[in-house]
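Beneath this line is the structure, given in structure tokens, with notes to follow.
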Amino acid sequence: MYPEWILGAGFFCFGLIFGSFLNVCIYRLPRGLSVVTPRSACPECHAPISGFDNIPVLSWLILGGRCRHCRVRITPRYAVVELICGALFLLSFLHFGLTVESAKSCILCFLFLGLTFTDAETHLLPDAMTLPGLGVALIFSFFALVPGPAYNLFPTHYQSSATLGQVDFQLGMRSFANSLMGAAVGSGILYAIGWLYLKLRKVDGMGFGDVKLMAMAGAFLGPALTLFVLCTASLLGGAFGIFVLIVVFRKRFLRYRSGLGKQPASRAWQAAQVAMRGLEIPFGVFLCVMSIITWFYGHQMIQAYFSLFMIPG
């Protein structure tokens with residue numbers, strides 16, 4: 001068996017490679033382009049990128065973040081995505097070892113990381129990532145058990161070790177049921193919220209891509225952790241909205257006050273509210289980030305919450 005540091009280094013390197021491919025997906029999928037052909041090229045001068053200029057992270061550093069041919073600046077997002085993907089693959093190995101769960105973890109991180117940056121840049125969550133991700137999560141539920149109530153609702157009964165294979169199959173079916181319940185909980189709650197907002201406000205408040213995203217997240221995480229993702233992502237999204245509101249208010253207030261206008265605070269508040277009405281907050285970013293965090297540390301976070309806020313009996 002290889003030493004643990006060699007396996008960890010291998011996971012990290014594979015993460016860098018998959019992160020490089022993920023950059024292709026982030027750029028091409030929202031534009032309806034193939035991720036296979038043509039080969040990568042500079043978006044400015046369209047010169048094909050050679051193999052030695054396509055080494056994850058290293059090529060970006062050597063080229064100084066610029067195209068070799070036209071010297072146009074290349075966004076650091078490419079190197080950032082590759083590094084984060086490598087770190088998440090390494091964390092998957094450290095957290096789960098060389099197991100089926102680590103393979104599932106790498107796929108989960110790959111998908112949610114790509115969707116995070118895609119939604120942040122384009123406000124789109126491509127079906128080419130969410131729907132296959134949902135299918136992969138359901139398949140993996142037979143091999144990597146998904147937490148949920150199905151184990152208690154449908155307990156397994158066996159009489160001897162001769163039925164061990166049947167018990168494993170039964171556990172797999174219960175795990176699959178938990179995965180289905182998680183998908184239903186995640187997508188159903190977001191769909192209901194979006195439908196209610198549309199009925200009350202007469203405008204779409206949430207894209208259907210978020211619904212499919214949470215179906216995928218629920219299939220990976222199970223119903224309980226999916227609820228945790230929805231709650232914490234909503235808190236983060238709300239905090240981000242308040243932060244943006246404060247920033248806009250401050251800028252407007254300083255401008256009106258320096259112009260010696262009347263009632264600068266009142267005018268700044270009105271201007272900030274108008275600006276917020278046209279602001280599209282990429283809620284998928286918060287859902288994806290919290291899905292990754294919950295996958296690794298959700299149970300510990302929930303236990304820590306109850307240990308802090310539960311009143312002793």
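The values are calculated or read from the model by the stated rules, or taken from the named source; none is laboratory data. It should be emphasised that the depicted structure is a prediction, and the values quoted were computed from it without experimental measurement. Neighbour counts are summed over all protein chains in view; Cβ atoms, including those assigned to glycine, are modelled from backbone coordinates with ideal geometry. Remember, those area values only see protein heavy atoms, side chains included, never the ligands or the DNA or RNA. Shrake-Rupley method; radii C 1.70, N 1.55, O 1.52, S 1.80 Å.
Report the gain in length on full extension from residue 54 to residue 184: 0.36 nm times residue separation, minus Cα-Cα distance, nm rounded to one decimal.
42.8 nm
So between residue 14 and residue 103, what do we pick up on full extension, going 0.36 nm a residue minus the alpha carbon distance?
Gain on stretching residue 14 to residue 103: 30.9 nm.
Using modelled backbone amide H atoms (1.01 Å from N, in-plane), which distant-in-sequence or interchain residues come within less than 5 Å of residue 41's amide H?
49
Within the chain, how many Lys pairs sit with Cα atoms under 23 Å apart, leaving out pairs fewer than 8 places apart on the same chain?
Lysine pairs, 8 or more places apart or on different chains, close enough: 4.
Of the listed values [x] 41, 23, 15; [y] 29, 24, 16; [z] 37, 31, 18, grab the one calculated as semi-axes √(5λ) of the Cα gyration tensor in Å from the structure here.
Read-out taken from this structure: [z].
Which residues make up the longest stretch of the chain clear of GluC sites (Glu not before Pro) that lie in a DSSP loop with no more than 15 other Cβ atoms within 10 Å, not counting the sites?
45-279
Roughly how far apart, in whole Å, are the Cα centres of the range 228-272 and the range 38-81?
Value for the Cα centre distance between the two parts: 37 Å.
Would you mind telling me the share, in percent, of accessible area of the chain contributed by carbon and sulfur at probe 1.4 angstrom?
69
What is the extension gain from residue 301 to residue 152, computed as 0.36 nm multiplied by their sequence separation minus the C-alpha to C-alpha distance, in nm to one decimal?
51.4 nm
How charged is the neighbourhood of residue 44? Take every other residue with its Cβ under 13 Å from the Cβ of residue 44, and add Lys/Arg as +1 and Asp/Glu as -1.
My count for the surroundings of residue 44 gives +4.
Averaged over all directions, how much area does the convex hull of the C-alpha atoms of the range 211-264 cover when projected, in nm²?
4.9
List the DSSP H helices in the chain whose Cα atoms stretch 27 Å or more along the helix axis and whose mean Kyte-Doolittle hydropathy is at least -1.0.
Correct list, ordered by number: 4-28, 77-96, 100-122, 164-201, 223-258, 283-309.
Mind listing the long-range amide H neighbours of residue 66? Cut-off is under 5 Å, sequence gap 5 or more, other chains count too, H placed in the peptide plane at 1.01 Å from N.
Under 5 Å from the amide H of residue 66 lie the amide H atoms of 74, each far enough along the sequence or on another chain.
So what is the 222 nm mean residue ellipticity for the chain from helices alone, if each DSSP H run of at least 4 adds -39500 (n - 2.57) and you divide by all residues, rounding to the nearest 500 deg cm²/dmol?
The helix-only estimate for the chain comes to -24000 deg cm²/dmol at 222 nm.
For the chain, what does the accessible surface come to per residue with a 1.4 Å probe? Please give it in Å².
With all protein chains present, the chain gives 57 Å² per residue.
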